[in-house]
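Undergrad: Starting off with a structure, shown below.
The values are calculated or read from the model by the stated rules, or taken from the named source; none is laboratory data. Nothing here was measured: the structure is a model prediction, and the numbers come from that model. Using ideal geometry, Cβ is built from the backbone for each residue, glycine included, and neighbour counts are taken over all protein chains shown.
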Amino acid sequence: MEKKFTSAKTKSLPSRVPRYTSYPPANHFKGSITNCQTQFWLQTVPKKSEISLYIHIPFCRSLCWFCACRTQGLAKRSNALGEYLKILKQEIDMIRKTLPMDVTVNSLHLGGGTPTILSEDQITDLLSHIKNRFQFTKKFQFSVEIDPTEIDQPRMNALKKFKINRASVGVQDFNPTVQQSIGRTQTFEQTKHCFDMLRKAKVASINVDFLYGLPTQKKDGFVKTIRSILDLNPDRIAMYGYAHVPWIARRQIMINHQDLPKENDRKALMEAGRDIIMTHGYLPIGIDHFATPKDPLALAENAKLVCRNFQGYNDHHSDNIIGVGASAISHFTHGYAQNAVSTREYMERISKNEFATTRGHAFTLDDKICGHVVEQLMCYFEVSLQDLERRFGKAAADTCQKISADPNLQLVGDSTYRIAAEPHLNARRVASCFDEYKTNFKAHSMAI
């Protein structure tokens with residue numbers, strides 16, 4: 001049985017910490033990683049290896065106030081989207097020419113922003129461009145983030161033509177009062193229509209993500225939203241805690257911070273949501289994901305193959321994830337490289353036929369050791385000293401000693417240490433104990 005959250009030792013942990021979708025967190029990236037480094041890392045991707053592609057579409061029809069993603073509004077009658085896609089295809093060509101020719105792609109993810117803001121013809125043009133330049137593996141996965149208010153049958157047909165097999169549908173909350181407080185309007189009927197199109201297209205795995213901790217959010221309305229989501233029978237569910245960081249996402253100043261639930265209320269919302277979802281047969285994955293027992297993510301959980309990156313929890317690992325587009329981050333074996341955040345700067349750099357990298361991080365051996373510990377704690381709430389020694393040898397000795405001495409971890413096997421108190425609540429906080437880059441955690445979002 002898990003220990004209760006009243007532990008004095010656990011209370012001493014920071015209440016605001018990184019989400020640890022990368023290690024080190026992106027706020028520690030430095031400008032010393034340039035386009036030359038990206039070119040070298042692309043050139044040294046092993047021959048005959050598999051890579052993942054992430055394509056970032058930073059545009060939205062309108063900006064939701066809660067969102068902290070790197071996005072921008074799209075003015076009516078603007079050709080900005082067409083111009084951006086032209087540059088995007090140029091970057092794809094540059095990447096293809098730099099990589100070894102026998103590299104294959106095992107997954108493609110369209111994210112944003114709102115990828116489905118693209119027209120049917122634009123979707124077809126972009127995906128054709130990618131398909132004509134890369135060879136896909138037999139188990140190729142194609143996933144798209146979909147806004148139910150920005151999708152129709154022609155666009156769905158374009159995605160189906162290129163064999164979309166995974167989709168992530170954003171909901172946030174169905175309560176009209178909450179929607180008004182975050183600047184996002186979306187009905188259940190629109191969402192169901194989106195689901196119906198995805199099921200008709202035979203998309204194998206559909207995820208729904210929503211938020212707890214939003215302004216004006218109350219337990220009764222929150223529970224109603226969850227039950228509506230469950231009526232859609234998604235294959236996966238992601239229940240994220242709203243991150244109120246107006247010092248990072250300036251649009252969040254539109255949200256009245258006095259309307260935000262207090263910490264105990266946030267916890268109550270999260271626990272209520274977790275209980276309802278699990279009661280309906282979904283298996284918990286990490287701190288905030290859930291999946292049906294036969295979904296690939298649940299199968300990966302059982303096989304200890306779940307990994308964590310900028311897209312959250314995933315059922316397949318890729319040593320090299322290449323980000324394309326403004327602000328996109330590439331995760332190479334040797335480090336991270338991020339494109340210019342400004343769409344204008346990104347486009348200017350690519351138009352000069354040079355990679356748009358402006359910052360990143362080159363891994364040290366200590367980074368790889370600590371990063372592995374953080375990922376294991378975030379995915380499985382435990383870490384094995386034997387596994388660390390097998391992977392890193394004597395270099396992991398100091399970290400192993402630190403793990404065995406940590407008061408928030410308890411020995412549950414010959415060499416495995418597990419988070420002692422409420423792991424799904426405290427994983428981020430305990431992981432922060434092994435973060436060698438921690439400075440001022442107050443700049444991050446709340447851990448619960």
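Undergrad: What's the number of the only condition in (1) at pLDDT below 95; (2) within 30 Å of Leu214 (Cα to Cα) that His280 fails to meet?
TA: (1)
Undergrad: Within 30 Å of Asn35 (Cα to Cα), in contact with a strand residue (DSSP E or B) (Cβ under 7 Å, 6 or more places away or on another chain) and in contact (Cβ under 8 Å) with a residue 24 or more places away in the chain: which single residue out of Gly286, Gly323, Gly241 fits that description?
TA: Gly323
Undergrad: Of all helices (runs of 4 or more DSSP H) completely enclosed by the range 357-448, which ones contain at least 2 residues that are modelled with pLDDT of 95 or more and surrounded by fewer than 17 Cβ atoms within 10 Å (Cβ to Cβ)?
TA: Once the helices (runs of 4 or more DSSP H) in the range 357-448 are filtered for at least 2 residues that are modelled with pLDDT of 95 or more and surrounded by fewer than 17 Cβ atoms within 10 Å (Cβ to Cβ), what remains is 365-380, 385-392, 397-405.
Undergrad: Among the candidates Gly111, Gly31, Gly73, which residue alone is touching an Asp or Glu at 6+ places or on another chain (Cβ under 6 Å) and farther than 15 Å from Ile350 by Cβ?
TA: Going through Gly111, Gly31, Gly73 in turn, just one is touching an Asp or Glu at 6+ places or on another chain (Cβ under 6 Å) and farther than 15 Å from Ile350 by Cβ: Gly111.
Undergrad: (1) more than 21 Å from the chain's Cα centre (by Cα); (2) at pLDDT below 95; (3) not aromatic (Phe, Trp, Tyr): which one isn't true of Gln39, the others all being true?
TA: Every listed condition holds for Gln39 apart from (2).
Undergrad: For the range 211-224, enumerate the residues that are buried (at least 22 other Cβ atoms within 10 Å of the Cβ) and not in a loop (DSSP other than H, G, I, E, B).
TA: Correct list: Leu211, Tyr212, Phe222.
Undergrad: In the range 59-82, which residue that is under 24 Å from the mean Cα position of the chain (by Cα) and modelled with pLDDT of 80 or more is surrounded by the fewest Cβ atoms within 10 Å (Cβ to Cβ)?
TA: So the residue we want is Arg61.
Undergrad: Taking the range 331-348 as the region of interest, how many residues are more than 12 Å from Thr34 (Cα to Cα) and not in a strand (DSSP E or B)?
TA: 10
Undergrad: Can you tell me which residue among Leu110, Leu53, Leu85 is in a helix (DSSP H, G or I), within 22 Å of Phe355 (Cα to Cα) and hydrophobic (A, V, I, L, M, F, W, C)?
TA: Just one listed residue meets the conditions, Leu85.
Undergrad: Any residue at all in the range 359-369 that is closer than 27 Å to Gln72 by Cα, in contact with a strand residue (DSSP E or B) (Cβ under 8 Å, 6 or more places away or on another chain) and among the aliphatic types (A, V, I, L, M)?
TA: no
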